[in-house]
Amino acid sequence: MLSNDDDLIRRIRLDLADSYDEELELELEDRPLDGLSDSLAPNASDEERAERRQYFRELFRLQGELVKLQDWVVKARHKVVIIFEGRDAAGKGGVIKRITQRLNPRVARVAALPAPNDRERTQWYFQRYVSHLPAAGEMVLFDRSWYNRAGVERVMGFCSEDEVEEFFRSVPEFEKMLVRSGIQVIKYWFSISDEEQHLRFLGRIHDPLKQWKLSPMDLESRRRWEDYTKAKEVMLERTHIPEAPWWVVQAVDKKKARLNCIHHLLSQMPYEEVEHAPIVLPPRVRHDDYVRNPVPDSIIVPEVY
């Protein structure tokens, strides 16, 4: 029987291993997974290793479907906005990475806007988001969105209650207008428990590659857990509309959350595989009078490795 401290350490270790799995996801492609190295989680149980291999298999399959979806979006000239919201450390960034990992960045773009500057604060609230909306044949994934007003801005006191109320009056009409213009709007809220957020914050504190993710705002959000809960409940109630409903992703298990979200996203569009003409590599043209000039040693990057 593990003590509470031992269990916490085990969960932090698995969370760290999950972070490094991202690099494996890029390297493994469709190679056989039965011999997948467990060097990043040497103490994992047989059950955990089996689940990890199954996760990779299903992720690669779903990413293959995302490539088909991308081709269909381009051919159909479809326009899609996908909004990712949730508490800090809820896993939004992780699922966005897995969705876009193998897609063309000219088709699937990520919009992660910084805090508004002085000029933007005087604009119509939705104005700075409008420039990021998709054209025909594009998908835009918002890593946080205009719903900042209903969440962090409201809880942290960055806007007045009158501005919040105006937001709630405006956002349903704004999203209906987007839908009428031909933009599909899909909204995801990533839900995690109090305990799980605490664990993930500890993981970030102890991982030097993740410490940049912990801003003073993130730490303050931990203290104001209940205020964020109340704000979320009001937001979902007042902005869940038939034209752009909210979908809640249970995100305590990060790997399952990624797979479930991608699977659901694929179900939201009537995509089909697009036939492509066979690709034929043309022969290289060679000229007898061409001589390649040597590259000067002074501009060659030193081969340290």
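The values are calculated or read from the model by the stated rules, or taken from the named source; none is laboratory data. These figures come from a predicted structure and were not determined experimentally. Positions of Cβ are backbone-derived with ideal geometry, glycine not excepted, and every protein chain shown enters the neighbour counts. Just the protein is used for accessible areas: all its heavy atoms, side chains included, with ligands, DNA and RNA removed. Shrake-Rupley method; radii C 1.70, N 1.55, O 1.52, S 1.80 Å.
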>> Quick check: Cα centre of the range 52-129 to Cα centre of the range 135-193, how many Å?
In response: 15
> For labels at residue 161 and residue 305 in the simple 7 Å Cα→Cβ model, what's the distance in nm?
Replying inline: 5.6
> With r defined as the distance between the Cβ atoms of residue 229 and residue 284 and R0 fixed at 41 Å, what FRET efficiency is calculated, to the nearest 0.05?
Replying inline: 0.10
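Ranked from highest to lowest mean number of other Cβ atoms within 10 Å per residue, what is the order of the peptides 114-123, 255-264? Can you show the working numbers first?
On the way: 114-123: 10.2, 255-264: 18.9.
Put in order of decreasing packing, that is 255-264, 114-123.
Once every DSSP H run of n ≥ 4 in the chain is given -39500 (n - 2.57) and the sum is divided by its residues, what mean residue ellipticity at 222 nm do you get, rounded to the nearest 500 deg cm²/dmol? Working shown, then result.
Details: 10 runs with 143 residues, N = 305.
That calculation yields -15000 deg cm²/dmol at 222 nm.
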> Using a 1.4 angstrom probe with every protein chain in place, what is the largest-first accessible-area order of 246, 225, 212, 124?
Replying inline: 212, 124, 225, 246
> If one computes P(r) from the Cα atoms of the chain, what percent of pairs lie at distances over 24 Å?
Replying inline: 61
>> Given R₀ = 30 Å, what would the calculated FRET efficiency be for residue 131 paired with residue 263, taking r from the Cβ atoms and rounding to 0.05?
In response: 0.45
> Given 0.36 nm per residue, what is the gain on full extension from residue 212 to residue 198 after removing their alpha carbon distance, in nm?
Replying inline: 3.4 nm
> When the chain is fully extended, how far beyond the present Cα-Cα distance does residue 67 get from residue 256, taking 0.36 nm per residue of separation?
Replying inline: 66.0 nm
>> If I model a spin label at residue 219 and residue 115 as a point 7 Å from the Cα along the Cα→Cβ vector, what separation in nanometres do I get?
In response: 1.5
